[in-house]
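The values are calculated or read from the model by the stated rules, or taken from the named source; none is laboratory data. What you see is a predicted model; the values in this text were computed from it and never measured. Because the Cβ atoms are built from the backbone with ideal geometry, glycine has one as well, and the counts that use them run over all protein chains shown.
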């Protein structure tokens with residue numbers, strides 16, 4: 001398995017989790033809001049699923065954030081994933 005890909009999936013999943021919890025949303029509520037399966041959202045947050053850009057766009061919209069916000073580090077540090085995509 002590509003360790004860089006896994007690291008990026010975990011980064012995105014952690015960002016989704018952080019935004020969701022900041023807004024007081026359950027996994028089920030977010031899944032319902034964006035029209036996705038609860039288990040899929042759970043897998044994305046856990047870094048297990050490899051979501052499409054369309055899926056990430058829907059999730060970002062449901063969380064009222066920009067899709068690029070899902071690619072930033074949780075500690076407010078530099079854009080780790082974005083720098084790796086360049």
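Scanning region 14-42 for residues that are closer than 22 Å to residue 2 by Cβ and in contact (Cβ under 8 Å) with a residue 40 or more places away in the chain returns 14, 15, 16. A count restricted to region 8-28 and to residues that are at negative phi and exposed (fewer than 14 other Cβ atoms within 10 Å of the Cβ) stands at 5.
Can you give me the number of residues within region 43-61 that are without any contact (Cβ under 8 Å) to a residue 12 or more places away in the chain and closer than 18 Å to residue 7 by Cβ? Talk me through it step by step, then tell me what you get.
Here is the first cut: in region 43-61, the ones without any contact (Cβ under 8 Å) to a residue 12 or more places away in the chain are 43, 52, 54, 57, 60.
Next, from what is left, pick out any that are closer than 18 Å to residue 7 by Cβ: 43.
The total comes to 1.
A residue that is surrounded by 13 or more Cβ atoms within 10 Å (Cβ to Cβ), in a loop (DSSP other than H, G, I, E, B), at pLDDT below 95 and under 11 Å from the mean Cα position of the chain (by Cα) can be found somewhere in region 52-72.
For residue 39, indicate whether it is closer than 17 Å to residue 67 by Cα and either in a helix (DSSP H, G or I) or touching a strand residue (DSSP E or B) at 6+ places or on another chain (Cβ under 7 Å) (or both).
In short, no.
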